[in-house]
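Following this message is one structure expressed as structure tokens.
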Amino acid sequence: MTDTAPPVLDIRNLRVEYPLANGHTLTAVKNIDLVIRPGEIHALVGESGAGKTTVGNALMGLLQAPGKIVSGSIAIAGKPIDLRTGRTEGIVPGRDVGAIFQDPMTSLNPLFTVESQLCEGMLAHLKLSSKETKARALDLLKAVGLPEPERRLGSYPHQLSGGQRQRVVIATALACGPKLIVADEPTTALDVSVQAQILKLIRDLADERGVGVLLVTHNMGVVAEIADRVTIMQNGAVVESGSTREVLTTPRAAYARTLIAAVPPIETRLERLPVPSEETQVTLDARAAVRRKSTKSETGSRDDIVLSVRDLAVEYGGHSLIPGRKASVFKAVKGVSFDVRRGEILGLVGESGCGKTTVANTIAGLVTQSSGTIDFLSTVLGAKREKSVRKSLQMVFQDPYSALNPRLRINAAIAEPILFYKLASNADEARQDARTLLEAVGLPADAGARFSHAFSGGQRQRIAIARALGPRPSLLICDEPTSALDVSVQAQLLNLLKDLRDLAGLSMLFISHDLAVIRQMCDRIAVMKAGEIVELADTEALFTAPKHEYTKELLRLAPSLDRILSRQSASE
Amino acid sequence: MIRLLSVRLLQAVLVMLAVAAIAFVMFRFVGDPVASMVREGATQAEKDTLRVALGLDRPVLVQFVNFVGQVLTGDLGTSFRYQQPVTSLLLSRLPATLELVVVATVLALAVGIPLGVLCALKPNSFLSRLTQATTLVGISMPTFVTGLLLILIFAVNLRWLPSSGRGDLVDLGLWQTGFLSLSGLKSLILPSITLALFQLTLIMRLVRSEMIDVLSSDYIRFAFARGLPRAYIYRRLALRNALMPVVTVTGLQIGQLIAFAIVTETVFQWPGMGLLFTNAVGYPDVPVLAAYLLFVGFLFVMINMIVDILYTFIDPRLRTR
């Protein structure tokens, strides 16, 4: 790894444009420079739409049809790419540039075996015999640390877990011995513990094989964990570039500073996360209006228990066509008990498949429990629910893109539940309420006349929150409300949710896999594992003195900007 | 796999029993079988003898069990109209319909799949636009219009092909085939094109939309990122995924075609089961109708089962359970 070796990637003054239907052009990437040396991991960071994925696609020759490289040069391992054809003499995508995609669940073809998908690239590029290819495939699976590699060769993707699939994807990327790997959000779809393993694997591969890695990500923790250098992009342009330590500890550009500040810290709890634009007077007035309406309907003190869940168990399956035989049962939730007090935010954390979403869905009435009771505002919730109960219990879903009806104007979408629960005497009053709610979540009131596709992910999630607040609920269930959003948008939304809680003694059940977010949001936290709550404690107690082994493990694995940086500076 | 099969078989038996019950009710209660069988002016005594001989005096349940028993031994009763066993009647007509349907399906698949792929890969090429436009006309035109047009052009004006019948048949024992004589093959052309047209359009459009979906999927992008040859990606990786729903639709369509090739068979005077059925409706020949109902039910159950089994071979995700 000497500086005299030619860089594996050398991008100079790259400009990518997309011609638009109205005759204008959208410049996705504006004159960026990027150099990666052998064995170096270079992170490309930015929010969605910053153009970071476009850079990766440009150098792999994967730009979507109208998009084209307008100017600049890309050289891979010292060989320049022909900008007109997008090809390089002597450089083949797949052989010299490997790719790792974001979602291991969808990047493997479901109809073909691991062996077939691993070998097809080698057969196409390396001209090996099928016997040599198979031996090599086996070596690769061993190198990426897949357990039982011999057996796994014959497996189909659906027989592997997400982490195992991502290992297969990495093995495929490495198959032909590339000099450069483009990893586009390689761990975003994975749990923390798996994420840690995959990141270590990528770091080791870079060190041992001298492969250069372009790591496209929005996660600052991931950057701090493995990247040597980092480039921050905004609106297609580079705003800051340098060594990871420098950029993360002493960012110079204003945008870089806000982006890094918006990352929720796991070490401390902040009253509010720093965001560029704070609430306007309009927003505050609207919130006051919402508060007046809510307090009219609310009575009771802060210590009241709003929701009480006892020995909740949920099973899936169990129906068999053959009478007298019981089919296998999957116990998603096994005897979970907790309370939520008025005005409290209770966090539910755990890895995917631990049953946290099932708990939320059961409380919301979308799934029926097999045993256990749910008391909500002193009424026992059964499968069939009173209108008043459904009104007081609202939900915000993970994906804001599919949570809104695309054929409904925003005003109508928010007014619908208000009218349904007869909280407004006529349609005009409901629309007025909808406008107030939009202002309260920080959107302009005239946004209501538009359809959901006119809004960004963060704005849509605000709309979803406004819609949930319409029926004046006592309990808001938020299922991963920010995991589909960028950090700065996430910071704004977390602040918003906190404000709303303070508004009207609103209680929340807040579900997330992100411990830093949980720490910022919640008063108490329940840690779930395999359908059970292993630890339930006050937030500060849980983070400072975790009792259960699993909690300690989760805390240890969670990527943390500050911890990594302080560790690095200590070792220097 | 074995469990899946046995569950499927059990379901098939239940469905067939339900169909048999409907057929039985039709047989027994739609019109009085005795009244339609005896000659005019028969005495009450003659009618009663026939009633006893047919077993119609016994309890309904016993009759049903007998009916099912008869069906299982291949006895579907005697046609009122032809005074022949319905089973042999059906069997004599079955080859005509099956040959027609097989040719039509092969035609639809052989033309529909490549055209669908072409339309997905090169949506703006002249050929795809032409295909899209013509198939739209093809799907909106009723079968009898297409059939009559074809007859007008190729049989009446050009005199290239026969307009009706099956041509010369070669007897293979139980099966009379039109595949082995020139006139038999020529007779197949027009009716099979008529029958295939709708199916072809359906398959073409299905393959096109599935292929477009599959091509935008991550695993195909990943295949491109690995620099695999284009032809390999399209032909092997993408097409196989795109063909999954085509299996289901083709299966159901074959059932549809066999059961309801009626219009085409009428237009071309094709001596198949559709023609038998239309004649039976007009007469009304209740045993033939009931047998037809049973046959169609059986056909669909079998086809669904075969499609399910095929699926487990194509899609590994269904194999593990």
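Read the figures in this text as sums done on the coordinates, not as results from a lab. Just so you know, these numbers come straight off a predicted model, no measurement behind them. Neighbour counts are summed over all protein chains in view; Cβ atoms, including those assigned to glycine, are modelled from backbone coordinates with ideal geometry.
In 5 Å bins starting at zero, report the fraction of Cα pairs in region A:305-570 per bin as a rounded %.
1, 6, 12, 15, 17, 15, 13, 9, 6, 3, 2, 1, 0, 0
Give the Cα extents of region A:94-211 along the principal axes, in whole Å, largest first.
Taking max minus min along each principal axis of the Cα atoms, region A:94-211 gives 39, 31, 21 Å.
Same structure, new question: Express as a percent, rounded to the nearest 5, the fraction of DSSP beta bridges in region A:305-570 (both residues included) that run antiparallel.
For region A:305-570, the DSSP antiparallel bridge percentage is about 55.
Given +1 on the Cβ of Lys and Arg, -1 on the Cβ of Asp and Glu, and no further charges, what dipole in debye does chain A carry about its Cα centre, rounded to the nearest 20?
Dipole magnitude for chain A comes out near 1140 debye.
Which of B:ALA261, A:ILE465, A:LEU26 sits closest to the plus end of the dipole of the protein assembly as shown, meaning its Cα is farthest towards the positive end, when Lys and Arg get +1 and Asp and Glu get -1 on the C-beta?
B:ALA261
While we're on this one: Round to the nearest 0.05 the FRET efficiency obtained for A:ARG556 and B:MET26 when R0 = 56 Å and r is the Cβ-Cβ distance.
0.15
Out of all Cα-Cα pairs in chain A, roughly what percent, to the nearest whole number, are more than 40 Å apart?
That fraction is 33 percent.
Then there's this: What fraction, in whole percent, of alpha-carbon pairs in region A:9-261 exceed 25 Å separation?
Beyond 25 Å sits 44 percent of the P(r) for region A:9-261.
Taking every DSSP beta bridge with both residues inside chain A, roughly what % is antiparallel (nearest 5)?
Expressed as a percentage, antiparallel bridges in chain A total about 55.
Can I ask one more? Using the Cα centre as the reference, give the magnitude of the dipole from point charges on the C-beta atoms of region A:305-570 (Lys, Arg: +1; Asp, Glu: -1; all else neutral), rounded to the nearest 20 debye.
Computed charge dipole of region A:305-570: roughly 600 debye.
Please state the charge dipole magnitude for region A:9-261, taken about the Cα centre, from unit charges on C-beta atoms (+1 on K and R, -1 on D and E), reported in debye and rounded to the nearest 20.
I would put it at about 340 debye.
Out of every Cα-Cα pair in region A:215-293, what percent are more than 20 Å apart?
Everything past 20 Å amounts to 46 percent.
Place +1 on the Cβ of every Lys and Arg and -1 on the Cβ of every Asp and Glu in chain A, take the dipole about the Cα centre, and give the residue among A:LEU153, A:ALA415, A:ALA189 whose Cα lies farthest towards its positive end.
The residue sitting farthest along the positive end of the dipole is A:ALA415.
From the convex hull of the Cα coordinates of region B:93-273, what is the mean projected area in square nanometres?
Across all orientations, region B:93-273 yields a mean hull projection of 11.8 nm².
In whole Å, what are the Cα extents of region B:135-212 along the three principal axes, biggest one first?
Largest first, region B:135-212 extends 46, 33, 16 Å along its Cα principal axes.
For region A:371-461, compute Rg over Rh where Rg is the Cα radius of gyration and Rh is the Kirkwood radius from the inverse mean 1/r over Cα pairs.
When Rh is taken as the Kirkwood radius, the ratio is 1.04.
Under the rule of at least 5 residues apart or a separate chain, name every residue whose amide H is placed under 5 Å from the amide H of A:LEU9.
A:ILE36, A:ALA77
Check which residues have an amide H placed less than 5 Å from A:ARG341's amide H, if you skip close sequence neighbours.
A:VAL306
Moving to a separate point now. Under a crude label model (7 Å from the Cα following the beta-carbon direction), how far is B:LYS186 from A:SER48 in nanometres?
Simple spin-label model gives 6.5 nm for this pair.
Treating cross-link reach as a plain straight distance, find the lysines whose alpha-carbon is under 21 Å from the alpha-carbon of A:LYS134, omitting any fewer than eight places away in the same chain.
Hits, sequence-local ones excluded: A:LYS142.
When the Cα atoms of region B:71-160 are enclosed in a convex hull and the volume is divided per residue, what value in Å³ results?
So the per-residue Cα hull volume is 180 Å³.
Sticking with this structure for a sec: Report the residues of region A:205-241 in range of a label on A:THR249: point 7 Å along Cα→C-beta, backbone N strictly under 20 Å from it.
A:220-232, A:240-241
If you don't mind, another one. What is the antiparallel percent of DSSP beta bridges lying wholly in region A:416-572, to the nearest 5?
If we restrict to bridges inside region A:416-572, about 55 percent are antiparallel.
Something else now. Taking the alpha-carbon centroid of each part, what is the distance from region A:107-126 to region B:263-321 in angstrom?
Region A:107-126 and region B:263-321 have Cα centres separated by 40 Å.
Among A:LEU500, B:ILE2, A:VAL282, whose Cα sits farthest toward the positive end of the charge dipole of the protein assembly as shown (+1 at Cβ of Lys/Arg, -1 at Cβ of Asp/Glu, about the Cα centre)?
B:ILE2
In a shell of Cβ-Cβ distance under 12 Å around A:GLY72, excluding A:GLY72 itself, what net charge do Lys and Arg (+1) and Asp and Glu (-1) give?
Here the count lands on +1.
What's the angle, to the nearest 10 degrees (0 to 90), between helix A:114-125's Cα axis and the longest principal axis of chain A?
In chain A, helix A:114-125 runs at an angle near 40 degrees to the longest axis.
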